Amino acid sequence: MDDMDADDVVEVELPAGPSRLAFFAATAVGAVLVVLIAVLATSDGEAGFARSPLISKTAPLITGEAVDGTTFDLDAERGRWVVVNFFATTCVPCIEEHPELVAFDEQYSATGEASVVSVAFSDTASNVREFFATNGGEWAVLAEDTGRHAISYGVAAVPETYLVAPSGIVTTKFIGGVTKLDIETEIDRLNRANSTTVVAES
Amino acid sequence: MFSRRSLIWLCLLAAGISSLVIATQLEGPPRTNEDRVRSLSEDFACPTCDGQSVAESNAVVAQEIRREIRRQVDDGQTDEEITEALVASYNESIDLRPRSGGVVGLIWILPVVVMVFGFAALASVFRRWRSTDARSASRADIDLVESLRRERQEQVES
């Protein structure tokens with residue numbers, strides 16, 4: 001019994017120091033893990049591709065031969081709004097939005113306020129010619145070697161439409177089909193925002 | 001005894017570091033344009049697919065991005081230029097390679113920090129245990145045991 005008592009005293013005293021350190025180390029590791037899990041769980045991993053880095057930047061170049069044989073250059077359109085429409089002849093929402101683009105173009109290209117350019121995505125020139133012959137539309141359409149244009153605009157799936165300001169800056173990205181009203185509303189909003197900025201500056 | 005053990009640890013450390021160095025050196029930069037296109041395609045996320053790279057996906061946009069990478073590689077652009085151009089068009093979600101900054105950087109730094117502190121704490125705990133072992137056999141302990149035993153002996157004899 002006396003021997004046991006002596007052993008007990010020794011054993012109780014020994015781990016006191018090291019186990020306190022182990023406790024603090026374990027607490028620190030645990031706290032770090034909790035923070036890490038909390039940060040990862042609340043971060044929006046799905047923010048994804050919807051937000052375009054092109055907004056407020058100079059529009060990427062679009063130059064090339066249109067399907068009607070003329071040469072198109074986006075830079076030559078400076079001074080008016082440009083609706084850059086990426087589409088494919090086989091895409092249903094593209095077919096659905098087409099009359100809206102036709103109506104928009106008919107109203108604004110005559111006055112020189114705005115113009116439309118269509119860029120076919122992974123399609124053929126003959127399909128595109130047929131599409132415009134059937135569905136109407138009098139604006140420039142690029143169909144050959146257009147992958148680089150679509151990639152430089154960050155197109156993920158057609159239809160996608162980019163609005164380029166008269167200054168050549170990309171202002172808006174529309175994902176999915178657009179309507180004439182969508183584009184008009186956006187141009188109105190931006191014109192108003194722009195005029196208030198000018199007033200505020202003067 | 002102690003120095004022999006630390007020698008073993010040093011050998012293990014050296015073996016680990018040298019195998020890491022060899023592993024990273026052996027996998028040199030890809031040589032042909034074909035290799036570069038393939039490895040770059042694996043580094044980018046297909047924008048319309050869930051969790052697939054541009055290399056894996058057959059989506060139209062993935063095919064177009066592969067074609068564009070091919071064109072830029074043939075144009076003589078560097079991997080960095082090609083990556084920058086795609087990130088400028090699609091934003092950084094397209095870049096599948098782990099980033100080193102921001103919150104994501106924590107994932108890489110934290111385990112290292114935790115490991116270093118954890119090992120340091122363990123080493124310190126083990127060292128303390130060892131030194132308390134040595135103390136348990138100190139002169140005072142031996143004297144104490146000796147005196148207790150003598151006391152008991154006397155009790156038994158009396």
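Within segment A:48-131, DSSP assigns beta bridges of which about 30% are antiparallel (rounded to the nearest 5).
Calculate the dipole size of the protein assembly as shown relative to its Cα centre from +1 charges on Lys and Arg beta carbons and -1 charges on Asp and Glu beta carbons; express the result in debye to the nearest 20. Rounded to the nearest 20 debye, it is 1140 debye.
Ranked by how many other Cβ atoms sit within 10 Å of their own Cβ, fewest first, the residues B:E146, B:E157, A:E160, A:E144 fall in the order B:E157, B:E146, A:E144, A:E160.
Comparing B:R67, B:R139, B:R130 in a Gaussian network model of chain B, where Cα atoms under 10 Å apart are tied by springs, the biggest mean-square fluctuation is seen for B:R139. Angle of helix B:2-26 to the longest C-alpha principal axis of chain B, folded into 0 to 90 degrees and rounded to 10: 0°. Exposure proxy shown here: for A:I62, B:I22, the number of other Cβ atoms within 10 Å sets the order, fewest to most, as B:I22, A:I62. Treating the angle as unsigned and between 0 and 90°, give the value, to the nearest 10°, between the Cα long axis of helix B:60-74 and the longest Cα principal axis of chain B. Rounded to the nearest ten degrees, it is 90.
Highest GNM mean-square fluctuation among B:A15, B:A123, B:A88, for chain B modelled with Cα contacts below 10 Å: B:A15. Percent of Cα-Cα pairs more than 21 Å apart in segment B:1-72, please. For segment B:1-72, the share of Cα pairs beyond 21 Å comes to 52 percent. Computed from Cα atoms, the angle from the helix B:102-136 axis to the main principal axis of chain B rounds to 10 degrees. Rounded if a/c is under 1.5, else prolate if a/b is larger than b/c, else oblate: which is segment A:71-202, with a ≥ b ≥ c the root eigenvalues of its Cα gyration tensor? Note, shape of segment A:71-202 comes out prolate.
Sort segment B:72-134 into rounded, prolate or oblate with this rule: let a ≥ b ≥ c be the square roots of the eigenvalues of the Cα gyration tensor; rounded if a/c is under 1.5, and if a/c is not under 1.5, prolate when a/b is larger than b/c, oblate otherwise. Prolate is the answer for segment B:72-134, as a/c is 1.5 or above and a/b outweighs b/c. Overall form of segment A:78-121: oblate. Here a/c, set by the Cα gyration tensor axes a ≥ b ≥ c, is 1.5 or more, and a/b is not larger than b/c.
Counting Cβ atoms of other protein chains within 10 Å of each residue's Cβ and taking the mean over peptide B:45-52 gives 2.
Scalar couplings 3J(HN,Hα) for segment B:145-157, obtained by applying the Karplus form with A = 6.51, B = -1.76, C = 1.60 to θ = phi - 60°, are 4, 4, 5, 4, 4, 5, 4, 5, 4, 5, 4, 4, 5 Hz; x denotes Gly and Pro.
Note that segment A:154-167 has calculated 3J(HN,Hα) couplings of x, 6, 9, 8, 7, x, 9, 10, 10, 9, 10, 6, x, 7 Hz, one per residue in order, obtained from phi through the Karplus relation 6.51 cos²θ - 1.76 cosθ + 1.60 (θ = phi - 60°); glycine and proline are x.
For segment B:10-52, trypsin sites (Lys or Arg not before Pro) meeting the loop criterion (DSSP other than H, G, I, E, B) and having at most 11 other Cβ atoms within 10 Å: B:R31. May I ask for log10 I(q)/I(0) of chain B at q = 0.11 Å⁻¹, from a Debye sum over the Cα atoms as equal point scatterers with solvent left out? Here log10 of I(q) over I(0) equals -0.73.
Computed across the protein assembly as shown, the Kirkwood radius stands at 26.8 Å (inverse of mean 1/r, all Cα pairs). Unpaired cysteine residues in chain B (no second Cys Cβ under 4.7 Å): B:C11.
Computed from backbone phi, the HN-Hα couplings of segment A:182-193 come to 3, 5, 4, 4, 5, 5, 4, 4, 5, 4, 5, 4 Hz, rounded to whole numbers (Karplus: 6.51 cos²θ - 1.76 cosθ + 1.60, θ = phi - 60°; Gly and Pro given as x).
Readers should treat all values here as calculations from the given coordinates under stated rules, not as data from a laboratory. Worth saying up front: this structure is predicted, and the values here are computed from it rather than measured. Every residue, glycine among them, receives a Cβ derived from its backbone with ideal geometry; neighbour counts consider all protein chains shown.
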